[in-house]
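S.K.: I am attaching a structure below and will ask some questions about it afterwards.
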Amino acid sequence: MNNLLSLSDPVRAAALARTIARLAPDYPVKIVHVCGTHEATITEHGLRRFLPASVEVLEGPGCPVCVTPTRDIDAAVKIARKGAILCTFGDMTRVPGTEMTLAAARADGADVRVVLSAAEAASIARNTNREVVFFGVGFETTTPMTAAILLDDPPENLSVIVSHKLIPPAMAALLDLPDNRISAYLAPGHVSVIIGEEPYTPFPRDYGIPV
């Protein structure tokens with residue numbers, strides 16, 4: 001890693017902490033990030049302890065698995081238990097529905113398979129006569145991959161449970177809550193590479209919130 005970006009040096013880390021404290025306002029500032037990787041990094045390295053008391057970094061809706069509706073999980077479990085091959089990402093198998101998780105359904109005999117992409121589910125469908133259902137979750141980073149499969153002559157025995165989400169509407173929903181007190185957003189890196197800056201323009205324009 002470039003030394004300029006390394007925080008393993010305690011002297012540099014302390015200097016950055018002092019700079020943040022010097023620049024921080026004396027009124028409360030709440031910065032909301034919308035990325036699971038951001039939260040993992042912040043927590044792993046204990047970055048919140050470097051922030052002055054007036055600055056708070058809050059975790060927003062950064063995990064598409066965590067915000068998947070129970071009804072979608074229930075539908076996936078029902079389909080799997082009826083005999084279809086249910087393909088989804090590994091994290092999704094452990095999220096509980098009304099009655100059980102997909103992992104529990106698999107333990108009960110359902111054919112639930114962990115895949116890395118919709119393309120892998122399509123490959124499974126091309127090599128079987130059984131119905132294959134891909135449980136698609138994720139934000140703008142995974143949605144195009146699901147769409148690409150559906151637009152490229154997919155196997156007739158392949159179906160998709162579409163449970164993809166969009167980040168900007170979720171951000172707007174938080175700002176529309178009364179007394180939300182959000183001062184700024186820290187945009188998700190991977191999603192932003194896909195969608196660019198334009199979808200974020202309403203936040204400073206309409207809400208006065210920087211991103």
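S.K.: Give region 58-70 a look and list any residue that's in contact with a Pro (Cβ under 7 Å, 6 or more places away or on another chain) and part of a strand (DSSP E or B), or say none.
M.R.: Correct list: empty.
S.K.: Report every pair of residues separated by at least 6 positions or lying on different chains whose Cβ atoms are under 9 Å apart, first residue within region 170-195 and among the basic types (K, R), second surrounded by fewer than 16 Cβ atoms within 10 Å (Cβ to Cβ) and in a loop (DSSP other than H, G, I, E, B).
M.R.: Here the result reads R181/P28, each pair linking region 170-195 to a residue that is surrounded by fewer than 16 Cβ atoms within 10 Å (Cβ to Cβ) and in a loop (DSSP other than H, G, I, E, B).
S.K.: Another one. Would you point out the residue of region 80-124, among those that are touching an Asp or Glu at 6+ places or on another chain (Cβ under 8 Å) and crowded, with 22+ Cβ neighbours inside 10 Å, that is farthest from D153 (Cα to Cα)?
M.R.: A80
S.K.: Restricting to region 36-57, name every residue that is assigned to a loop (DSSP other than H, G, I, E, B) and either on the phi > 0 side of the Ramachandran plot or in contact (Cβ under 8 Å) with a residue 12 or more places away in the chain (or both).
M.R.: The answer is H45, G46, L51, P52, S54.
S.K.: If G62 satisfies every condition in (1) surrounded by 13 or more Cβ atoms within 10 Å (Cβ to Cβ); (2) of a type outside the set (V, I, T); (3) under 23 Å from E131 (Cβ atoms) but one, which is the exception?
M.R.: Failing condition for G62: (3).
S.K.: So G109 passes all but one of these: (1) assigned to a helix (DSSP H, G or I); (2) at positive phi; (3) of a type outside the set (D, E). Which condition number does it fail?
M.R.: Every listed condition holds for G109 apart from (1).
S.K.: When you look at D74, is it over 30 Å from A110 (Cβ atoms) and either without any contact (Cβ under 8 Å) to a residue 40 or more places away in the chain or in contact with a Leu (Cβ under 9 Å, 6 or more places away or on another chain) (or both), yes or no?
M.R.: In short, no.
S.K.: What is the number of the single condition among (1) under 24 Å from T142 (Cα atoms); (2) in a loop (DSSP other than H, G, I, E, B) that T98 does not meet?
M.R.: Condition not satisfied by T98: (1).
S.K.: Within region 28-39, take every residue that is surrounded by fewer than 16 Cβ atoms within 10 Å (Cβ to Cβ) and modelled with pLDDT of 85 or more and give me the one that is nearest to S183 (Cα to Cα).
M.R.: Among them, the one singled out is K30.
The values are calculated or read from the model by the stated rules, or taken from the named source; none is laboratory data. This is a predicted model, so every value here is computed, not measured. All Cβ positions, glycine included, derive from the backbone under ideal geometry; neighbour counts span all protein chains shown.
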